[in-house]
Every structure is written in structure tokens, then in C-alpha cells.
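Worksheet for the structure shown next.
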Amino acid sequence: MRLLQSNEDVNDARATIFRALGDPNRLRIFQTLAEADEPLNVTAICDRTDLEANLVSHHLQCLKNCQPVDSERDGRQKFYEVSRSEAVEMVALADECIRQNIESILGCDIVTQTDDRVEQRSTSSRMQSGDDDD
């Protein structure tokens, strides 16, 4: 396990976990697992989130790499569950901050503009590579 040597390392690690949980689909998957009474396979996660299996699998890999989610194989299937209660607590704290500051959060133009630029770059890259679905 890599030790955090400096404030910069800590900030990088924070940014990584916030990015992992910052994607709306990953957050939906994480919340679904956090609310589940038992570990879920991809099919069960898809049923509860209305997301496609390939998208769920992709996002689960990210959540596993950042370690708020873990998996266990049972025969040919993998079952996923939240492995870090601290991550659930972090999301609950974020929910409390949102409740107290909803207008400011929804009106945060800087984050919205950054998200829009990222989406525009992503769409442009797909179009240039011929991956556009239209």
C-alpha cells in the first residue's frame, strides 16, 4: 500500500475518490450497492439502475480500482458490495451539505461550465474518431 507522503499526495487521492464518485452513473451504482441488503451481480445492478450491462461493468471496474466497492466471485458470476463504510459516510455528508446549500450548489457556474467543456471535448473526439452514434 502506497503511503501518502505529502499534502499533494493527499489532495491527489481526494481528487481521485471524488472523481470516482463524481460520475452520476457511478454514484447511482454506488448508492444502489450501499442500499442493498446483499451483494449484487451486474444484472441486479442493471435492473435497479436502468443502466446497460457494459456501462455498469465499466463503472464497477473504476469503483473497484478506487476501492469503495469490492467483488467476490461465486461460480461464473461476480457479486459486488460496498467495501468502505467511510465512502458511504462521505456521500451522506455530501447529502447533508447539499440540503444546506442546494441553491449555491446548483448555481455553481464554474463547475457547470467545466462539465460542459468536458462533454464538448468528448463529443468532438468521438466524432473525429468516427464513433458518433448518429
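The values are calculated or read from the model by the stated rules, or taken from the named source; none is laboratory data. These numbers were taken from a predicted model, which means no experiment stands behind them. A quick note on method: Cβ atoms are made from the backbone with ideal geometry, for glycine too, and the neighbour counts reach across all protein chains shown.
The conditions are (1) within 17 Å of L27 (Cβ to Cβ); (2) modelled with pLDDT of 75 or more, and V118 fails exactly one of them. Which is it?
Going through the list (1) within 17 Å of L27 (Cβ to Cβ); (2) modelled with pLDDT of 75 or more, V118 breaks only (2).
Are there any pairs with C-beta distances below 7 angstrom linking a residue in the stretch 61-73 that is small (G, A, S) to a residue that is surrounded by 15 or more Cβ atoms within 10 Å (Cβ to Cβ), with the two at least 6 apart or on different chains, and if so which?
If the second residue must be surrounded by 15 or more Cβ atoms within 10 Å (Cβ to Cβ), the pairs left are S71/K64; S71/K78; S71/F79; S71/Y80.
In this structure, is V69 under 13 Å from L27 (Cα atoms) and surrounded by 17 or more Cβ atoms within 10 Å (Cβ to Cβ)?
yes
Within the stretch 50-59, is even one residue surrounded by 17 or more Cβ atoms within 10 Å (Cβ to Cβ) and in contact with a Cys (Cβ under 6 Å, 6 or more places away or on another chain)?
Here is the first cut: in the stretch 50-59, the ones surrounded by 17 or more Cβ atoms within 10 Å (Cβ to Cβ) are 51, 56, 59.
Now narrow it down to the ones that are in contact with a Cys (Cβ under 6 Å, 6 or more places away or on another chain): 56.
Scanning the stretch 50-59 turns up at least one residue that is surrounded by 17 or more Cβ atoms within 10 Å (Cβ to Cβ) and in contact with a Cys (Cβ under 6 Å, 6 or more places away or on another chain).
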